[in-house]
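Undergrad: Got a structure for you, questions after.
The values are calculated or read from the model by the stated rules, or taken from the named source; none is laboratory data. Worth saying up front: this structure is predicted, and the values here are computed from it rather than measured. Don't worry about glycine lacking a Cβ; one is built from the backbone with ideal geometry, like all the others, and counts go over all protein chains shown. Accessible surface areas use protein heavy atoms only, side chains included; no ligands, DNA or RNA. Shrake-Rupley method; radii C 1.70, N 1.55, O 1.52, S 1.80 Å.
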Amino acid sequence: MQDVVEKVYEQVVARNRGEVEFHQAVHEVLESLGPVIAKHPHYAEGALLERIVEPERQIMFRVPWVDDAGQVHVNRGFRIEFNSALGPYKGGLRFHPSVNAGIIKFLGFEQIFKNALTAQGIGGGKGGSDFDPHGRSDAEVMRFCQSFMTELARHIGPSTDVPAGDIGVGGREIGYLFGQYKRLRNSYDAGVLTGKGLAWGGSLVRTEATGYGTVLFAQSMLATKGESLEGKKVLVSGAGNVAIYAIEKAQQLGATPITFSDSSGYVVDEAGVDLELLKQVKEVERGRVADYVERRPGARLVTGGSVWDVPGDVALPCATQNELDGDAAVTLLRGGCGVVSEGANMPSTPEAVEAFQKAGILFAPGKAANAGGVATSALEMEQNAGRTRWDFATAEAKLTGIMTDIHDSCVAAAEEYGRPGDYVLGANAAGFTRVADVMIAHGIV
Ligand code: NDP
């Protein structure tokens, strides 16, 4: 890391004590910026780097709610409005017990560059709560969402800040959040949230977009080597929104996904995942992965180790941050893996990324590979603003075009800064320069 960049990183660590995921995300971006600053020193002027690592606004609030037994709970709510250079803050809400300020900050920081890569005029933000929806009734989830939105509503709006889903926040939660927003504001602002239901302003392909995009990115990377996903064995982690639709697109492109997981273990299904059964278990019944194995002869549930112990050609980590460490990377490489496309945000640890890059395999960081979700959210905003709705084929064609453009921008930036094939440098450099140019144009704000 160059001196100037190193100094900014040290300041981030000193100012944000204990927020290790945020430090990790900032380090990964700053590390890539050495060659960019060397070529364009003006990006280090006007404290631009110091400004880009500091959120424009951080909101933290109490979320009291009452469970079905009448007991009162107090959760914590967050919204980090990180950077609005390119447009309204945009990024999901995560409901998971592990959520804290550092996690939301890391996600918000990543979102700035991811959103810039989509070229759609959206700034970066993220939010959530340490509320755990697992095992809660619909009525409890509704009361929690209503309490959460009662505070959040004053900070968001279609031209200000537009949240969406993330871990623990899917169509059900977005529905309850939107209902409460509408009630508080007495205004049908469809563009205030994305990931909405199709009957009330949602976009076709938004549900599928992140998983589809991750696989399309893998396909684009393979194409640079004259290969494709056809006939490849694919390892997927997670069994939520991103994982399910990554499996669907991989199957459509002729690959065979053989694994998925949740926090209770992972499943190996050598015959290829039965997607209809997986959707029934996870999307309809909100069950555990063991429920799939019970109904699927030949599939096995493994409760120790990780999905990365299974040999395969392509790995799609689609669960959560730091789920794939250095040892897992070595095991994956030994098992013959030649492509990693991150569906989750920062799922590979720095040691894992280093191992992949040293081995020279195709590795795509989440901020590029999973940008299809937020890109389609921006398409949803566009449809809401025009009071129109595109059909599935139109929306999917736009998603495919955007993923191809992101891939090509990463390739071009990696070449420009002297590291061809380095998608980490490419994504960070391409995303950063788009945001930085506009921050310079807007002056010191
Ligand atoms: P979901 O809540 O739909 O699914 C998450 C899946 O990952 C579940 O199977 C969950 O298992 C598993 N998981 C979550 N945390 C852990 C953990 N700590 N240990 C083990 N398993 C875990 O979330 P999404 O699919 O929406 O999100 C997955 C990832 O993709 C996240 O990193 C998210 O930030 C990222 N992402 C999502 C986008 C979207 O559009 N939804 C857009 C871009 C990125 P369990 O149910 O047992 O907890």
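Undergrad: Using a ≥ b ≥ c from the Cα gyration tensor of the stretch 278-379 (square roots of the eigenvalues), is it rounded, prolate or oblate, where a/c under 1.5 gives rounded and otherwise the larger of a/b and b/c decides, a/b for prolate? If you can, show how the numbers build up before the last one.
TA: Values: a/c = 2.30, a/b = 1.23, b/c = 1.88.
In terms of gyration-tensor shape, oblate.
Undergrad: Now for a separate question. Accessible area per residue for the stretch 204-356 in Å², computed with a 1.4 Å probe and the full protein assembly in place, what is it?
TA: For the stretch 204-356, the per-residue accessible area is 37 Å².
Undergrad: Let me ask another. Show which lysines lie in cross-link reach of LYS358 when reach means a straight Cα distance below 19 angstrom and same-chain residues fewer than eight apart are skipped.
TA: By straight Cα distance, LYS358 reaches LYS225.
Undergrad: Please tell me the relative contact order of the stretch 76-174 in percent, rounded to the nearest whole number, where contacts are Cα pairs under 8 Å and at least six residues apart.
TA: That works out to 39 percent.
Undergrad: Continuing with this model, one more query. Show me the ranking of peptides 290-298, 174-182 by mean Cβ neighbours inside 10 Å, starting with the highest.
TA: Per-residue Cβ counts within 10 Å, averaged per peptide and sorted highest first, yield 174-182, 290-298.
Undergrad: Sum up the charges of everything whose Cβ sits under 11 Å from the Cβ of THR259, counting Lys and Arg as +1 and Asp and Glu as -1, but leave THR259 out.
TA: -1
Undergrad: On to the next question. Going down the table (LYS90/LYS196; LYS39/LYS398; LYS90/LYS233; LYS39/LYS90; LYS367/LYS398; LYS105/LYS249), which pairs top 26 Å between alpha carbons?
TA: Result: LYS39/LYS398; LYS90/LYS233; LYS39/LYS90; LYS105/LYS249 exceed 26 Å.
Undergrad: To continue, here is another question. Explain nothing, just compute: Karplus ³J(HN,Hα) = 6.51 cos²θ - 1.76 cosθ + 1.60, θ = phi - 60°, for every residue of the stretch 375-392 in order, whole Hz, x for Gly and Pro.
TA: 4, 6, 4, 5, 5, 5, 4, 5, 5, 4, 5, x, 6, 9, 9, 8, 7, 4
Undergrad: Continuing with this model, one more query. So for the pair ILE444, ARG154, with labels modelled 7 Å out along Cα→Cβ, what separation do we get in nm?
TA: 3.1 nm
Undergrad: Next question. Which is farthest toward the positive dipole end of the chain among THR210, ASN83, GLY240, measuring Cα position about the Cα centre, with Cβ charges +1 (Lys, Arg) and -1 (Asp, Glu)?
TA: ASN83
Undergrad: Can you give me the relative contact order of the chain as a percent, contacts being Cα pairs under 8 Å and 6 or more apart?
TA: Once divided by the residue count of the chain, the mean separation gives 15 percent.
Undergrad: While we're here: Quick one: divide the alpha-carbon radius of gyration of the stretch 351-400 by 2.2 N^0.38 Å and tell me what you get.
TA: 1.68
Undergrad: Give me the 1.4 Å probe accessible area per residue for the stretch 12-57, excluding ligands and nucleic acids, in Å². It would help to have the intermediate numbers written out before the result.
TA: Working: 2080 Å² over 46 residues.
Solvent-accessible surface per residue comes out at 45 Å².
Undergrad: Right, something else. Could you work out the relative contact order of the stretch 214-350, using alpha carbon pairs under 8 angstrom and six or more residues apart, expressed as a whole percent?
TA: That works out to 26 percent.
Undergrad: Please list 44-51, 363-370 highest first by mean number of surrounding beta-carbon atoms within 10 Å per residue. Mind showing how you got there, number by number?
TA: Details: 44-51: 16.1, 363-370: 28.4.
Top to bottom by mean Cβ count within 10 Å: 363-370, 44-51.
Undergrad: Rounded to the nearest 10 Å², what accessible area does CYS318 have for a 1.4 Å probe in the complete protein model?
TA: 10 Å²
Undergrad: While we're here: Determine, from the Cβ-Cβ distance of ALA271 and GLU45 and an R0 of 51 Å, the FRET efficiency 1/(1 + (r/R0)^6), rounded to the nearest 0.05.
TA: That pair, ALA271 with GLU45, gives E of 0.30.
Undergrad: Please state the shape class of the chain: rounded when a/c is under 1.5, otherwise prolate if a/b exceeds b/c and oblate if not, all from the C-alpha gyration tensor. Each step should come with its number before you reach the end.
TA: Numbers: a/c = 1.42, a/b = 1.01, b/c = 1.41.
Taking the square roots of the gyration eigenvalues as a ≥ b ≥ c, the chain is rounded.
Undergrad: Using the heavy atoms of the protein chains alone and a 1.4 angstrom probe, what is the accessible area of the stretch 60-137 per residue in square angstrom?
TA: Details: 2390 Å² over 78 residues.
Here the per-residue accessible area is 31 Å².
Undergrad: Report the Cα centroid-to-centroid distance between the stretch 161-240 and the stretch 68-102 in angstrom, as an integer.
TA: Here the two parts' Cα centres lie 17 Å apart.
Undergrad: Got a number for carbon plus sulfur as a percent of the chain's accessible area, 1.4 Å probe?
TA: 49 percent
Undergrad: Continuing with the same structure: Using a 10 Å cut-off on Cβ atoms, rank the peptides 78-91, 219-232 from the highest mean neighbour count down.
TA: 78-91, 219-232
Undergrad: Roughly how many debye, to the nearest 20, is the charge dipole of the chain about its Cα centre, given +1 on each Lys and Arg Cβ, -1 on each Asp and Glu Cβ, and no other charges?
TA: Approximately 1080 debye in magnitude.
Undergrad: Next question. Place a label point 7 angstrom from the Cα of ARG387 along the Cα-to-Cβ direction, then list the residues of the stretch 178-211 whose backbone nitrogen is under 17 Å away.
TA: In the stretch 178-211, the label zone of ARG387 (backbone N under 17 Å from the point 7 Å along Cα→Cβ) covers 187-192, 200-202.
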